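This report refers to the structure that appears directly beneath it.
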Amino acid sequence: MIIDVNANLSRWPFRRTPCDELTPLIEKYRTYDVQQAWVGSLDGLFHRDMGGVNHRLAETCRQEQRVKLVPFGSVNPMLPDWQEDLRRCAEEYRMPGIRLHPNYQLDEPAAGELLDLAVQRGLIVQLALRMDDIRVQHRLMRIPDVDVKRLAALVKARPALRLVVLNNMSIIQDQQLRALAAMDRVWFEICMREGIGGVTKLVQAVPLSRVLFGSHLPLFSLESAVFKMREAGLEVPQRQAIEYENAQKLLGRAV
């Protein structure tokens, strides 16, 4: 059994991917025994109608019966009335969390308010540090990685915040990783942990209980994350903790 905490619905506007439609995505999940996926919407990065984005996401997840899809809504604090979008995610759609893409749409002065409101509503916050490698980005839309210098301070100031760091790869340097890992309310997923022993090295730097399975499907392949787990050489209890137990415990605290 696997719980994928980092998946996306809809299409990436710059290229087609094999699982950017719902049916092939679900078929891929069933092939590898992924029984639950936490999904955001790629539309949330580019559309202005966040209400429509989150409604479609919630309805898709509600109707899907083959694999349990858990919706994580989009909130863009650069748009008017974003607080209402957050309220709807929590109250109307009963989403357990939101997914943020600061390098696309975060207004720095609003960051603290957004996190505070998420904490008040008991929402998990997923923070994507990048979506695509800059080397494959369209030349007219180069999006730099998220600057994480202030991230530890933002988390430290909010003891009740539960933060999942997505797509972290080499963006977080060792000192920053240690500072975040020292707080028991920050989790990390594996999709961009590259190189031999990438998952093993992450487990050595971060408590095992706060490492999660993530694929970044459909921009990345599910097989990549699955094979990283196999290559890590972990004991069965360690592998089970990453593949589903840690996610179950985190989500249970949000329900």
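The values are calculated or read from the model by the stated rules, or taken from the named source; none is laboratory data. Fair warning: this is a prediction, and the values are worked out from it, not measured in the lab. Methodologically, a virtual Cβ is constructed for each residue, glycine included, from the backbone with ideal geometry; neighbour enumeration extends over all protein chains shown. The accessibility values were calculated without ligands, DNA or RNA, using every heavy atom of the protein model including side chains. Shrake-Rupley method; radii C 1.70, N 1.55, O 1.52, S 1.80 Å.
Things to note:
- A cut-off under 13 angstrom between Cβ atoms defines the neighbours of MET141, and their net charge, with Lys, Arg +1 and Asp, Glu -1, is +2.
- Lys/Arg +1, Asp/Glu -1 at C-beta; the chain dipole; positive extreme among GLY233, PRO96, CYS191: GLY233
- Cα gyration tensor shape of the chain, rounded if a/c is under 1.5, else prolate or oblate by comparing a/b with b/c: rounded
- Size of electric dipole in region 1-134: Cβ of Lys, Arg +1 and of Asp, Glu -1, about Cα centre, debye, nearest 20: 460 debye
- Between ILE143 and TYR93, the distance separating the two model label sites (each 7 Å from Cα on the Cα→Cβ line) works out to 1.7 nm.
- Within the accessible area of the chain (1.4 Å probe), percent carbon and sulfur: 49 percent
- Exposure rank, largest accessible area first [GLU243, GLU91; 1.4 Å]: GLU91, GLU243
- Per residue accessible area of region 159-255, 1.4 Å probe, in Å²: 43 Å²
- Value of relative contact order over the chain, rounded to a whole percent, pairs C-alpha under 8 Å and six or more apart: 19 percent
- Full extension of the chain segment joining PHE227 with ALA182 gains 13.4 nm, where the gain is 0.36 nm per residue of separation less the Cα-Cα distance.
- Mean separation of Cα contacts under 8 Å (6+ apart) over length of region 1-53, as relative contact order %: 48 percent
- Each residue was assigned an accessible area with a 1.4 Å probe, and for LYS68 the value is about 120 Å².
- Checking the cross-link pairs LYS28/LYS68; LYS68/LYS249; LYS68/LYS201; LYS149/LYS228 against a 21 Å limit on the alpha carbon distance flags LYS68/LYS201; LYS149/LYS228 as lying beyond it.
- Probing with 1.4 Å while keeping every protein chain in the model, the per residue accessible area of region 65-133 equals 39 Å².
- Each peptide in 21-31, 182-192, 43-53 was scored by the mean count of other Cβ atoms within 10 Å over its residues; highest first, the order is 182-192, 43-53, 21-31.
- Figure legend: label point modelled 7 angstrom from the Cα of LEU79 along Cα→Cβ; residues of region 1-19 with amide N under 17 Å from it are 9-13.
- Residues with amide H under 5 Å from that of LEU100, placed H, sequence gap 5 or more: GLN126, LEU127, ALA128
- ARG193 accessible area, 1.4 Å probe, all protein chains in place, Å² to nearest 10: 40 Å²
- The helix-based estimate of mean residue ellipticity at 222 nm for the chain, built from -39,500 (n - 2.57) per DSSP H run of four or more residues and divided by its residue count, is -10500 deg cm²/dmol to the nearest 500.
- For region 38-107, the relative contact order comes to 33 percent (Cα pairs under 8 Å, sequence separation of at least 6).
- Cα-based values for region 8-70, radius of gyration first and Dmax second, are 11.9, 35 Å.
- Total formal charge among the other residues, if their Cβ is under 13 angstrom from that of PRO237, Lys/Arg +1 and Asp/Glu -1: -2
- For ILE171 and HIS55, the difference between the fully extended length at 0.36 nm per residue and the C-alpha to C-alpha distance is 38.6 nm.
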